[in-house]
1. Of the conditions (1) more than 21 Å from T259 (Cα to Cα); (2) in a loop (DSSP other than H, G, I, E, B); (3) open to solvent by 30 Å² or more (accessible area, probe 1.4 Å), V7 clears all except one; give me its number.
2. Could you list, in sequence order, the residues of region 293-326 that are farther than 18 Å from L212 by Cα and among the acidic types (D, E)?
3. Given the residues A162, A156, A146, which is the only one that is in contact with a His (Cβ under 6 Å, 6 or more places away or on another chain), open to solvent by 20 Å² or more (accessible area, probe 1.4 Å) and closer than 28 Å to P116 by Cα?
4. Count, please, the residues in region 96-128 that happen to be more than 26 Å from the chain's Cα centre (by Cα) and either among the acidic types (D, E) or not in a loop (DSSP other than H, G, I, E, B) (or both).
5. Does R60 satisfy the condition of being surrounded by fewer than 21 Cβ atoms within 10 Å (Cβ to Cβ) and either more than 22 Å from G273 (Cα to Cα) or of a type outside the set (A, V, I, L, M, F, W, C) (or both)?
6. Among the listed residues D293, D271, D256, which satisfies the condition of being touching a residue at least 60 places away in the same chain (Cβ under 8 Å), closer than 19 Å to W204 by Cα and charged (D, E, K, R)?
7. Considering only region 146-165, I want to know if a residue exists there that is in contact with a Ser or Thr (Cβ under 6 Å, 6 or more places away or on another chain), of a type outside the set (S, T, N, Q) and not in a helix (DSSP H, G or I).
8. Checking W42 against (1) open to solvent by less than 10 Å² (accessible area, probe 1.4 Å); (2) part of a helix (DSSP H, G or I); (3) under 20 Å from M112 (Cβ atoms); (4) not basic (K, R): exactly one of these is not met. Which one?
Amino acid sequence: MKSKPTVQKILIVRMSSMGDVIHQWPAVTDLARAYPEAVIDWVVEEGFAELPRLHPAIRRVIPVALRRWRKSLLATQSHREWQAFKTELLACRYDLVLDAQGLIKSAAIARMACGPVAGFDRHSIREPLASLAYCRTYPVSKALHAIERNRQLSAAALGYRAEGAIDYGLRMSDQIENRPALSWLPDSPYVVCLTATSRADKEWPEAHWIVLGQKLLARGVRPVFPWGSTAERERAERLAAALPAAIVAPRLSLTDAATLLAGSTMVVGVDTGLVHLAAAVAVPTIAIFCASDPLLTGIRASSYAVNLGQRGAAPGVEAVWDAMLAGWPAGSNTL
């Protein structure tokens, strides 16, 4: 049997989006189990830098700001930040640099680092030209869910087998018990309702959210509506106005959002990065799909996680409510 390579330092390049970054966590958990002494660093877009830090196996997070720098390529500040990024990236020599994103831009960043670069082969990757940048390439079926693709790539590149249930590796108990930033939360059961998503056609009708919120309030459970933009806040306020005792959250960091989700009784949300975060923190989660299909990118977890709907066929309120009832935590005195 071929022995595993000796690995001490690993760099993961997975820069965006939120859901993609979250989908990388189970592969990190697998990797850390296979190589308990390994040092694992991560290059990620600055807006998502909080997320890799939530995984206990990650030593160092290296933020990159490609999205922002593109808007001001010639600015002195952009040049200074780019040079600082390169200095930080080159501060460590790695035994393996793993481009888990599979794009030309991520491959370019991976090649800048010190160490052999691995990634998907040209038949498995999102942008085939990116595979030319790798020293080693590996075939991984495109028919697999994104989480399994990440697990299989890491396992192939590092010589172990990805087996067992999905484990995001997060340990949220300390954050839940010590949550000063969430002092606005009531000391009563709540369900987080994630109404905001990146596209209007992925949204669930506000009338549906109101009916669902009424069902929760009738059973002593308060809906909480997070938001990220002005338009999302205005929608949250409209929904809360129709639902006495519902709560509009203040603006939250991703770390505080993870804590909010982890402390909830259940999460129900549309196709958005935060619904994947809810599944990752192991809270019972219902994901609503209206204009996308969950087969390859739906929520997955070892805890209760249900995908409802598909492209052009959004679920109704009763289907969502039935799924919530089926997954309600045992021993709860509500519902």
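The values are calculated or read from the model by the stated rules, or taken from the named source; none is laboratory data. Just so it is clear, the structure is predicted and the values come from calculations on it, not from any experiment. Quick reminder, even Gly has a Cβ in these numbers, built from the backbone with ideal geometry, and neighbours come from all protein chains shown. To get the accessible areas, we keep the full protein, side chains included, count just its heavy atoms, and leave off ligands, DNA and RNA. Shrake-Rupley method; radii C 1.70, N 1.55, O 1.52, S 1.80 Å.
1. Single failed check for V7: (3).
2. D293
3. A146
4. Total satisfying the criteria: 1.
5. Judged against the criteria, R60 is a match.
6. Among D293, D271, D256, only D271 is touching a residue at least 60 places away in the same chain (Cβ under 8 Å), closer than 19 Å to W204 by Cα and charged (D, E, K, R).
7. Checking region 146-165: at least one residue is in contact with a Ser or Thr (Cβ under 6 Å, 6 or more places away or on another chain), of a type outside the set (S, T, N, Q) and not in a helix (DSSP H, G or I).
8. Going through the list (1) open to solvent by less than 10 Å² (accessible area, probe 1.4 Å); (2) part of a helix (DSSP H, G or I); (3) under 20 Å from M112 (Cβ atoms); (4) not basic (K, R), W42 breaks only (2).
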